[in-house]
1. With the requirement that a residue be more than 20 Å from Tyr177 (Cβ to Cβ) and charged (D, E, K, R), what does the range 73-120 give you?
2. Tell me whether the range 127-142 contains one or more residues that are modelled with pLDDT of 95 or more, of a type outside the set (Lys, Arg) and closer than 16 Å to Ile204 by Cα.
3. Being among the acidic types (Asp, Glu) and modelled with pLDDT under 95 is the filter here, so list the residues in the range 212-229 that pass it.
4. Scan the range 89-99 for residues that are surrounded by fewer than 19 Cβ atoms within 10 Å (Cβ to Cβ) and within 10 Å of the chain's Cα centre (by Cα) and report the count.
5. Only residues in the range 204-229 that are on the phi > 0 side of the Ramachandran plot count as the first member; pair them with residues that are part of a loop (DSSP other than H, G, I, E, B) and modelled with pLDDT under 95, Cβ under 7 angstrom, at least 6 apart or cross-chain, and list the lot.
6. Which residue is farthest from the chain's Cα centre (by Cα), if the candidates are limited to the range 27-48 and must be at pLDDT 95 or above, surrounded by 13 or more Cβ atoms within 10 Å (Cβ to Cβ) and part of a helix (DSSP H, G or I)?
7. If you scan the range 107-122, which residues turn out to be surrounded by fewer than 17 Cβ atoms within 10 Å (Cβ to Cβ) and part of a helix (DSSP H, G or I)?
Amino acid sequence: MLILAIICLVFVLLAIHGLISQANQTDDNTVPNKANLYEAPNNMTNYQKQLYDELTDSCSKVKDINTEDLSELAPVVAKNFIADYFSWGNKRGSYDVGGIDYVYGPYHMNFSFGARDYYYYQLDLLMKEYGVENLPIVDDIVIDTVEKQDSQYKVSIWIHDYSNDTDYEEPQYYDAYLVKAHWTYSVPNDSKFNINELPNKSNIMLIVSNDRLEVAYMHEDYVRDIAND
């Protein structure tokens, strides 16, 4: 009985301690850290580190992402996406697609497959031909325009109905910002890689989803068969 009483007393004291700790929490402790909305990319370039610091600072200033005007945050997100996606000199292979964490969640898989079939499909060959250290990285991004869309942007998700084994399209609508940007690349001085063949401008549609801005659409310049030139 004495042992049982001691055990009960320990549990009561732990419960009281938990209630006191919860009561002493400030608002800052209960609000999610806005600076951690996006994961830091792997093997960041110096320019990416600069952009990610800017993103961290911009996110921390947003109080309510679902009601505020995000015209200042949108270009910062777009820059981080561009620098990660279009840089090759810090990648490990064609499977190492950059920028995925900035993409609209349901599109992750299709985006990755599309990138490996398009922009990244020759990367393994280029690494063997030039050496990864001689491949280009994005070194400067200029935002041309940022336009908050007057109407919500529609994205479509395909749902499988297992009851009758059919697929149907389910539209979703989000507040959106269209960002237009252009950028430049750099390679080592002794690199023979021709950066003039790479895309250097893009339109990016960012939507307010999952309590952050995510890339729902991107259109860039056509990329030629670089390894065959």
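1. Passing the criteria: Lys91, Arg92, Asp96, Arg116, Asp117.
2. Yes, some residue in the range 127-142 is modelled with pLDDT of 95 or more, of a type outside the set (Lys, Arg) and closer than 16 Å to Ile204 by Cα.
3. Selection gives Glu220, Asp221, Asp225, Asp229.
4. Going through the range 89-99 one residue at a time, the tally reaches 0.
5. Here the result reads Asp211/Ile65, each pair linking the range 204-229 to a residue that is part of a loop (DSSP other than H, G, I, E, B) and modelled with pLDDT under 95.
6. Ranking the candidates gives Tyr47 first.
7. His108, Met109, Asn110, Ser112, Phe113, Gly114, Arg116, Asp117
Residues are listed down the side, and each one gets a yes or a no for (1) at positive phi; (2) touching a residue at least 24 places away in the same chain (Cβ under 8 Å); (3) acidic (Asp, Glu):
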residue: Ile100; (1), (2), (3): no, no, no
residue: Val103; (1), (2), (3): no, yes, no
residue: Ile143; (1), (2), (3): no, yes, no
residue: Gln152; (1), (2), (3): no, yes, no
residue: Glu170; (1), (2), (3): no, no, yes
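The values are calculated or read from the model by the stated rules, or taken from the named source; none is laboratory data. Just so it is clear, the model here is predicted, and its values are computed rather than measured. Neighbour counts are summed over all protein chains in view; Cβ atoms, including those assigned to glycine, are modelled from backbone coordinates with ideal geometry.
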